[in-house]
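The values are calculated or read from the model by the stated rules, or taken from the named source; none is laboratory data. The shown structure was predicted, so the numbers you read here are calculated from the model rather than taken from an experiment. All Cβ positions, even for glycine, are placed from backbone atoms using ideal geometry, and neighbour counts span all protein chains on display.
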Amino acid sequence: MSQIDRFVVVTGGPGSGKTTLISALAAEGGRTMPEAGRGIIQDQIIIGGNALPWADRAVFANLMLAADMRSYREAQAFEGLVVFDRGIPDVIGYLHLCGLPVPEPARRAAALCRYRRQVFIAPPWPAIYAGDAERKQSLEEAEATHAAMVDVYTRLDYELVPLPLLPVAERAAFVLRVLEQGT
């Protein structure tokens, strides 16, 4: 299996169950890479920084790109499948969503650091959506984020696989079935 085929992305809007799903896959023994944005927000809050989605969005996007590229590099050392909680194209989607220009390095990163063609996308799920200290978006913003991810991953020639609105164990089983069929 090629490196690209081993690198699996789960994307979508906030509050759609991505991280919960990825945690369930990790509990089954899968290798996972964390979402960059949440960690950056936590770090920026601790240090009083402004690289936040509600402060300096461009700097926040640059930090996410750097973190996502580091995750991609680190994952190269692992054997077997690696599931990413968002991928480098998410940064481009975020910039589009914010009405910010996409710098050429972000475009280059998305072109050079490719993932498995099948990308799992979590649709908006109002029944489970909840905000928290790092997730301040409304459900409408979560839906707009989902649409931005559909757009960017499609334009980058990925095949989107919508995640079913099912309990986490059934969602994880769905992902594993799709991955098994594609190998």
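In region 91-104, the condition of being of a type outside the set (D, E, K, R), outside any loop (DSSP other than H, G, I, E, B) and either out of contact with any helix residue (DSSP H, G or I) (no Cβ under 9 Å at 6 or more places or on another chain) or in contact (Cβ under 8 Å) with a residue 60 or more places away in the chain (or both) is met by at least one residue. Does any residue of region 57-79 turn out to be in contact with a Lys or Arg (Cβ under 6 Å, 6 or more places away or on another chain) and of a type outside the set (Asp, Glu)? The answer is yes; a qualifying residue exists. Is region 93-114 home to any residue that is buried (at least 18 other Cβ atoms within 10 Å of the Cβ), closer than 30 Å to Glu180 by Cβ, among the basic types (Lys, Arg) and within 13 Å of the chain's Cα centre (by Cα)? There is no residue in region 93-114 that is buried (at least 18 other Cβ atoms within 10 Å of the Cβ), closer than 30 Å to Glu180 by Cβ, among the basic types (Lys, Arg) and within 13 Å of the chain's Cα centre (by Cα).
Taken together, Leu65, Leu52 contain a single residue that is under 17 Å from Leu95 (Cβ atoms), within 16 Å of the chain's Cα centre (by Cα) and not hydroxyl-bearing (Ser, Thr, Tyr), which is Leu65. From the set of residues in region 48-61 that are surrounded by 18 or more Cβ atoms within 10 Å (Cβ to Cβ) and either among the small types (Gly, Ala, Ser) or within 30 Å of Gly80 (Cβ to Cβ) (or both), which is modelled with the lowest pLDDT? Selected residue: Ala51.
When the residues of region 53-71 are filtered to those that are in a loop (DSSP other than H, G, I, E, B) and without any contact (Cβ under 8 Å) to a residue 12 or more places away in the chain, the one that is farthest from Pro103 (Cα to Cα) is Ala55.
Quick check: anything in region 35-47 within 18 Å of Val168 (Cβ to Cβ), surrounded by fewer than 16 Cβ atoms within 10 Å (Cβ to Cβ), acidic (Asp, Glu) and more than 16 Å from the chain's Cα centre (by Cα)? No, every residue in region 35-47 fails to be within 18 Å of Val168 (Cβ to Cβ), surrounded by fewer than 16 Cβ atoms within 10 Å (Cβ to Cβ), acidic (Asp, Glu) and more than 16 Å from the chain's Cα centre (by Cα).
Looking only at residues in region 24-34 that are out of contact with any helix residue (DSSP H, G or I) (no Cβ under 8 Å at 6 or more places or on another chain) and at negative phi, the one that is surrounded by the most Cβ atoms within 10 Å (Cβ to Cβ) is Gly30.
Do we have any residue at all in region 25-45 that's of a type in the set (S, T, N, Q), part of a helix (DSSP H, G or I), out of contact with any Lys or Arg (no Cβ under 8 Å at 6 or more places or on another chain) and more than 22 Å from Gln181 (Cβ to Cβ)? So far as region 25-45 goes, yes, one or more of its residues are of a type in the set (S, T, N, Q), part of a helix (DSSP H, G or I), out of contact with any Lys or Arg (no Cβ under 8 Å at 6 or more places or on another chain) and more than 22 Å from Gln181 (Cβ to Cβ). Within region 144-166, residues that are under 16 Å from Ala106 (Cα atoms) have Cβ atoms under 8 Å from residues that are at pLDDT below 95 and not in a helix (DSSP H, G or I) in these pairs: Met149/Gly12; Met149/Gly13, counting only partners at least 6 apart in sequence or on another chain.
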